[in-house]
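S.K.: Before we start, here is the structure in question, set down as structure tokens.
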């Protein structure tokens with residue numbers, strides 16, 4: 001199980017803990033609010049116990065994902081480099097510089113996951129208190145019953161998760177979504193940096209960028225082209241300056257599927273660009289598929305079988321009509 005999936009489970013357990021406490025007692029009684037507020041300490045203690053039990057395992061799994069990605073990327077360079085390039089180099093596993101790069105990203109991931117764990121606890125406490133006051137206010141105003149207000153809030157938490165952050169565009173990120181972005185982004189960064197570092201160790205300057213249908217808009221222009229890492233080979237653009245490298249949605253950014261390989265001048269390239277119109281169509285279809293997969297996961301978390309069936313039906317139609325591959329793992333909530 002991935003670190004993001006493990007965090008999803010931890011978040012779900014915290015949500016269920018909140019709901020169990022909110023549903024205790026006679027919800028529409030006059031003393032219900034006071035009783036639930038006095039149990040805030042119990043909520044904190046339970047959530048602390050959950051995070052102390054689960055967060056170390058999540059962090060360890062995330063670090064393993066970082067380490068595996070880093071060494072895999074460096075080994076890929078060795079597999080494709082010429083024998084005379086690697087004969088005098090230290091093995092990947094013995095390179096101090098590669099260990100340093102991987103260690104840096106492991107530490108960053110650990111800090112981000114620890115911060116996310118603390119955010120989960122704080123947000124659960126805030127939402128717990130807000131729901132108590134909102135439920136009481138709705139009962140007193142006669143808008144609805146306290147139980148209906150709790151049920152609505154519970155459904156929203158199950159569907160959206162607990163908010164980890166709100167970005168500049170005003171979008172609210174669930175803890176699961178944020179964890180996925182953190183780990184994927186760090187895996188991508190460590191893969192790129194270790195591959196580049198291994199190229200430096202082996203004195204490789206030219207690299208070929210991979211290509212695939214459905215590339216993102218900021219990646220598509222650079223597919224199947226050759227770039228210079230250090231500017232040592234004349235006539236080739238620089239990978240770090242003449243591409244979208246560095247943009248989160250660009251080449252080797254978060255969720256990018258591209259990589260690069262050593263290239264020897266005069267040899268046949270492995271990859272070639274795809275026609276832009278064909279690429280953009282596949283990209284748009286992939287976005288529709290990802291949206292439906294998210295909707296299925298949300299409906300499962302809400303325990304709403306009718307919605308699950310509806311979204312699964314839409315996904316089956318999309319996959320069948322466009323000759324796509326259904327990815328069942330993306331529909332699971334573990």
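Here, each number is a calculation from the coordinates, and none is a lab measurement. Since the model is a prediction, treat every value here as computed from it, not as a measurement. Counting neighbours? That spans all protein chains shown, and the Cβs are built from the backbone with ideal geometry, glycine included.
S.K.: Just the Kirkwood number for the stretch 195-246, please: inverse of mean 1/r across all distinct Cα pairs, in Å, one decimal.
M.R.: 11.7
S.K.: Now for a separate question. How big, on average over all directions, is the shadow cast by the Cα convex hull of the stretch 205-274, in nm²?
M.R.: Seen from a random direction, the Cα hull of the stretch 205-274 projects 4.4 nm² on average.
S.K.: Once every DSSP H run of n ≥ 4 in the chain is given -39500 (n - 2.57) and the sum is divided by its residues, what mean residue ellipticity at 222 nm do you get, rounded to the nearest 500 deg cm²/dmol?
M.R.: -21500 deg cm²/dmol
S.K.: Right, something else. Given contacts defined as C-alpha pairs under 8 Å and at least six residues apart, what's the relative contact order of the stretch 278-331, whole-number percent?
M.R.: Rounded, it is 37 percent for the stretch 278-331.
S.K.: What ranking, highest mean first, results for peptides 264-274, 132-142 when packing means the other Cβ atoms within 10 Å averaged over each residue?
M.R.: Going by the mean number of other Cβ atoms within 10 Å, highest first, we get 132-142, 264-274.
S.K.: Between the alpha-carbon centers of the stretch 277-334 and the stretch 227-258, tell me the distance in whole angstrom.
M.R.: Between the Cα centre of the stretch 277-334 and that of the stretch 227-258, the gap is 32 Å.
S.K.: With a 10 Å radius around each residue's Cβ, average the other Cβ atoms per peptide and rank 65-73, 243-251, 34-42, highest first.
M.R.: 65-73, 243-251, 34-42
S.K.: Enter the per residue convex hull volume of the stretch 3-162, computed from alpha-carbon coordinates, in Å³ rounded to the nearest integer.
M.R.: Looking at the stretch 3-162, the number lands at 104 Å³ per residue.
S.K.: Over the Cα atoms of the chain, each weighted equally, I'd like the Debye log10 I(q)/I(0) at q = 0.14, 0.15 Å⁻¹, rounded to two decimals.
M.R.: -1.16, -1.25
S.K.: What relative contact order, as a whole-number percentage, does the chain give when Cα pairs under 8 Å and 6 or more residues apart are counted?
M.R.: 19
S.K.: What area, in nm² and to one decimal, does the C-alpha convex hull of the stretch 273-334 cast on average over all directions?
M.R.: Convex hull of Cα atoms, orientation-averaged projection: 4.5 nm².
S.K.: Give the shape of the stretch 31-112 as rounded, prolate or oblate, defined through the alpha-carbon gyration tensor: a ≥ b ≥ c are the square roots of its eigenvalues, a/c under 1.5 means rounded, and otherwise the shape is prolate if a/b is larger than b/c and oblate if not.
M.R.: Because a/c hits 1.5 or more and a/b exceeds b/c, the stretch 31-112 counts as prolate.
S.K.: Now for a separate question. Measure nothing fancy, just the Cα-based angle from helix 146-160's long axis to the longest principal axis of the chain, in degrees from 0 to 90, nearest 10.
M.R.: 10
S.K.: Take the alpha carbon atoms of the stretch 64-109, find their radius of gyration, then divide it by 2.2 N^0.38 Å using N residues; give the quotient.
M.R.: 1.22
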